[in-house]
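Encoded as structure tokens, the structure appears first; notes follow it.
Read-outs: derived from the displayed coordinates by stated rules, not from any lab. Here the structure is a predicted model, which means the values were calculated and not measured. Here the Cβ is made from the backbone with ideal geometry for all residues, glycine too, and neighbour counts use every protein chain on show.
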Amino acid sequence: MDIPAAFPWQLRGRCYRLGDDVPHAGGVVPNWLISGRYMDPKDIVPHLFSETDPGFPGRAAAGDIIVTGRNFGMGPKMTGYIAMRALDLGLVCETMPFLAYRAALGVGVRVLKDCPGVSRLCETGDDLEVDYASGTFINHTRSFTRAFPALPEPLRDLVRLGGNGGWLRDWRLRQQAG
């Protein structure tokens, strides 16, 4: 895996706003993908948000940002986050359960959580810019900036390296280099 020298912590793209209590199974991806243990992005991407925002994968572009209300991604599954990483999407949540947060980071998705009121600051289609290293949230459509908690420093290597698999490969290479 090629790791960019300067990881792009800043994303700028279209906002896709979702509501509160979007479950992983049936909200992020259909349950049959989870129960079928699909892990290949080519199988998952066409169904990302298909029950929440039909046609989403056809409209989404690298750098787009999913903004959600409370309790996004309830459930510990990572299937949908694999698709989000493959599409190079960012995620900003009012709240996100710990297991969902861990699953998203574990595949390398850029996430800001604990962002009170963020879903009221934008609409689907707004031009957003988010710096995950500083917590800066800019809505260019509505001309304002907000500061939220940044992705914690200790977790940035995990995301930069593409999640758990990339971090473990990097750790092993460092151990072998001695």
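Things to note:
- Dimensions of segment 98-158 based on its C-alpha atoms, expressed as ranges along the principal axes with the largest first, amount to 32, 19, 18 Å.
- With contacts taken as Cα pairs under 8 Å at a separation of at least 6 residues, segment 73-123 carries a relative contact order of 42 percent.
- Legend: translational diffusion of segment 44-115 by Stokes-Einstein, Rh = Kirkwood radius over C-alpha pairs, 25 °C, 0.890 mPa s; D = 204 µm²/s.
- Net charge dipole, the chain: roughly 360 debye, given to the nearest 20, about the Cα centre with Cβ charges of +1 for Lys and Arg and -1 for Asp and Glu.
- Shape category assigned to segment 1-64 from the gyration tensor of Cα positions, a/c cut at 1.5: oblate
- Computed over the chain: relative contact order in percent, which uses C-alpha pairs under 8 Å that are six or more apart: 23
- Volume per residue of the C-alpha convex hull in the chain, rounded to whole Å³: 111
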